Amino acid sequence: MLSYLRPLHYLSFPVVIGAVLSNRMATRLSDVTPVDWRTPIVLALAVFIIYTIDRLLDVRRYEDKKTKLPLTARHRFHYQYAPLLWRVVIGAGVLALILTYYLPTSVVKFGIGLGGICAAYVGAVFRLPERHPALLLKEPLVALLYAAGIWGSVWVQRPLVRGIEVAEGLMFLGIAFQNLLLFAVMEQRESPNQPLFSLATVLGRERCDTILRWLTFLVVATGLTLCFVTDDRFAQRSALMLAIMSLTLYAIQRYPNYFVKSERYRWLGDGVFWMPALVL
């Protein structure tokens, strides 16, 4: 069964679907109505395009001998199907541009700004040497961009953003960073002799474990606090769900030897962003 799902996993479909579900939770929390049916499609296409281009450029670096690191299974997939994937990306980009015409002006302006930042990031990563210090910003920057795309696209449609929405948006940002840093640590466990240059390799496993534990504590503590300071039932449910998402990532951290096998940490780690569906 996993052999059939693996190509979808390599294409970041779990991340794409997770982004849409998380955005729906943010939309309901912020009470933005009506929501055009094209909005989640554009978000899904944007996430797919960014993640796919990032990996295709990694493959290009490998072809140009700019990196000596071996290709992962995910990157081998992109290497094998690169010509087809570039065509798919172009097609997805054209479809996204067409659908963008129907989106609210505030969302379009926000998307252009965020898209420009994402393009600059992907371009910089492609051009920088593989051990450039700026690459250490990858995990926090990607987490910030991911959270901004999901929550910011909702907030720009509102004249006023409540404090509880900001708090849960920050919780989500913490979870996104927890996810990426955890993945970097697990990748280090997978290939201890050829670790990828990342925040995890520089900080070391012990410091990363401490950071991940603190992130879990802060997210869970914030979630429980919000349940007592608001009467909004959906806000309470979404806060608890965010806390559960963080605790799920902590479980991966707690039992690394089990989850490192067959990339279980990736399946569950990406799957946590599907959990908002349980409160919609």
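Of note:
- Annotation for segment 161-210 versus segment 117-160: alpha-carbon center distance of 14 Å.
- Helices in the chain that qualify as membrane-span-like (whole DSSP H runs, Cα extent of at least 18 Å along the helix axis, mean Kyte-Doolittle hydropathy of 0.5 or higher) are 13-30, 38-63, 82-100, 105-127, 163-190, 205-229, 233-254.
- Cα gyration tensor category, rounded, prolate or oblate, for segment 2-279 with a/c compared to 1.5: oblate
- The length gained by stretching the chain between residue 4 and residue 277 to full extension, at 0.36 nm per residue less their Cα-Cα distance, is 95.9 nm.
- Length gained when the stretch residue 97-residue 37 is fully extended (0.36 nm per residue, less Cα-Cα span): 20.1 nm
Coordinate-derived values only; no laboratory data. No experiment lies behind these values; they were computed from the predicted model shown.
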